[in-house]
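No lab work stands behind these numbers, since they all come straight from the coordinates. If you're wondering where the values come from, they're calculated on a predicted model, not measured in any experiment. So basically every Cβ, Gly included, is an ideal-geometry build from the backbone, and we count neighbours across all protein chains shown.
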Amino acid sequence: MTNIVRRHPLIVMLLIFNTFGQAVALVPVVAYRHYGVQLDVDLILAGVTLLFLLAPALVITHLSAGPQRFRKLLREMFTFRVKARWYVLVFVGFPVLTVLLQGSTPPGGWNIGRLADAYVYGFLASLLFNFVSTNWWEESVWMGFFQAPLQDRFGPFVAVLLTSPFFLLEHVTLVLPGSTLGGGWSSLVALLVVVPFARAAAAYVYNRTASLMMVGLVHAASNAVGFGLMMRLYGAGGNGVLIFVLLGLVALVATRGRLGRPRPPVETLHGAGHSPVSADGRLPEVAR
């Protein structure tokens, strides 16, 4: 079994999550559709994320890649020291851009008290809950454990394409009747469109910050503006993930698919050219 884990770490993680994890994630859907019981979907999904996504990924990392890679994953999970502009994007950029894109006046009009209420009790409260309960650990696995090794091997754009179907599969239970999103086929189609750009945005944030914490925070912000801020302002959830999609689209176009990752050394007529890229494919801090 240990040899199988070492040879096929990503496949083993997918098997664990998409059997045990998805089975538990389906419990609230089954309870609602067949028994009319409304369970707390968010808390159940938080437990699934910790027990059947994060825990297996950490164990598999230690077994397959060794203690050095395990420590690197943990270090990136708890890297808070990044450039201030990333925190500005999360705490200012996401809510401001979402409101501007909404393009309409909320019921009751604009006033400072209403905006402050929506920001604190809608956006910040939702951001904190989503980040701590799910998105931090979710991106530690999907970006740090799954997508990052794929981009080391195949490049960032191909890694986005390879990761997107499995990331989409994780969220299928969210679009079923009785789930958080509901909506059936329309929500599933929306996820099909959104997920590749969301993975591109996650890759860009990770490649520029080397922080899985920040990737999770950006992810949580996209959820918080839709289900927290807009719900508080307009009484209905807005499409907060649109900012995440726009970030991914801009990153893809601006970097020509490199998503913030430096290009590999270029071979010259006189031999391999010198490159500041480190062994794990990152620019050192000075170069970055």
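Could you work out how much longer the chain between residue 3 and residue 111 gets when fully extended? Use 0.36 nm per residue separation minus the Cα distance between them, nm to one decimal. Write down the numbers at each step before the final one.
Working: separation 108, 0.36 × 108 = 38.88 nm, distance 6.17 nm.
Answer, rounded to one decimal: 32.7 nm.
For the chain, what's the relative contact order in percent, using C-alpha pairs closer than 8 Å and at least 6 residues apart?
22 percent
Helix 241-254 versus the longest principal axis of the chain: what angle, 0 to 90°, nearest 10, using Cα atoms?
30 degrees
Based only on other Cβ atoms within 10 Å, what is the fewest-to-most ordering of 44, 243?
44, 243
When 16, 4, 60 are ordered from fewest to most other Cβ atoms inside 10 Å of their Cβ, what list results?
Going from least to most buried by this count: 4, 16, 60.
Taking the convex hull of the Cα atoms, report for segment 77-272 its projected area averaged over all directions, in nm².
Mean projected area for segment 77-272: 12.6 nm², to one decimal.
In deg cm²/dmol and to the nearest 500, what is the mean residue ellipticity at 222 nm of the chain if only DSSP H runs of at least 4 residues count, each as -39500 (n - 2.57), divided by the residue total? List each step's numbers first, then the result.
Values: 17 runs with 168 residues, N = 288.
It lands at -17000 deg cm²/dmol.
Sorting 255, 98 on the 10 Å Cβ count, fewest up front, what's the list?
In increasing order of surrounding Cβ atoms, one gets 255, 98.
Expressed as a whole number of Å, what is the distance separating the alpha-carbon centroids of segment 40-71 and segment 203-221?
18 Å
Suppose every Lys and Arg Cβ carries +1 and every Asp and Glu Cβ carries -1, with no other charges. What dipole size does the chain come out with about its Cα centre, to the nearest 20 debye?
On the way: 21 positive and 11 negative charges, 155 e Å.
The calculation lands at about 740 debye.
Take the alpha carbon atoms of segment 115-174, find their center, do the same for segment 78-106, and report the distance between the two centers in whole angstrom.
16 Å
At a Förster distance of 25 Å, what's the computed FRET efficiency of residue 38 paired with residue 172, Cβ-Cβ distance as r, to 0.05?
0.80
Show me 82-93, 199-210, 148-159 ranked by packing, highest mean number of other Cβ atoms within 10 Å first.
Details: 82-93: 14.2, 199-210: 25.2, 148-159: 18.0.
So the order, starting with the most tightly packed, is 199-210, 148-159, 82-93.
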